[in-house]
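Okay, so here's the structure we're looking at.
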Amino acid sequence: MYWFLIRSIVSAVLGSQFYKWYASTKIGIYFQNRIDQFLEYIAQKYDIEIAKKQSKFEQDYPLMMKRIEKLEKWSHPDRKRQFEKKTRDIEHRVEVLEDRQDAEKYNDDYISQVIGKKEGTD
């Protein structure tokens, strides 16, 4: 009886070590990617919820999930307002530059000439 127990422990350890080595080879990486693609396909086809551990954790520890969500919101704030403000600032700067008195000399032909000289196509 002890023989079966020792044999199962040894085979589990050897299998684990083999997988660690095999997973770092090119064939192992390819094979693992193919398995992941297949499992994703099956999950989408049969509408299987893959994140069962996450949902179980949410059910078991609701207060902890609230804290985690609060931390995520704090650490990754919404940058939409800042982006819109920067966009308005840039638009204002462009309008000011376009309204300058010497702006008429910076027409499309002049700009394309300058760009052509910088690229070396002139």
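Quick notes on this structure:
- Counting only residues that are part of a helix (DSSP H, G or I) and among the aliphatic types (A, V, I, L, M), the range 41-65 holds 5 of them.
Residue-wise test of (1) hydrophobic (A, V, I, L, M, F, W, C); (2) surrounded by 10 or more Cβ atoms within 10 Å (Cβ to Cβ).
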{"position": "3", "(1), (2)": "yes, no"}
{"position": "19", "(1), (2)": "no, yes"}
{"position": "22", "(1), (2)": "no, yes"}
{"position": "31", "(1), (2)": "yes, yes"}
{"position": "44", "(1), (2)": "no, yes"}
{"position": "47", "(1), (2)": "no, no"}
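Rundown of residues vs (1) under 30 Å from residue 54 (Cα atoms); (2) assigned to a helix (DSSP H, G or I); (3) modelled with pLDDT of 75 or more, yes/no style:
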site	(1), (2), (3)
67	yes, yes, yes
74	yes, yes, yes
83	no, yes, yes
89	no, yes, yes
92	no, yes, yes
102	no, yes, no
111	no, yes, no
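The values are calculated or read from the model by the stated rules, or taken from the named source; none is laboratory data. Please read these numbers as outputs of a predicted model, since none were measured by experiment. Every residue, glycine as well, gets a Cβ built from its backbone with ideal geometry; the counts of neighbours run over all protein chains shown.
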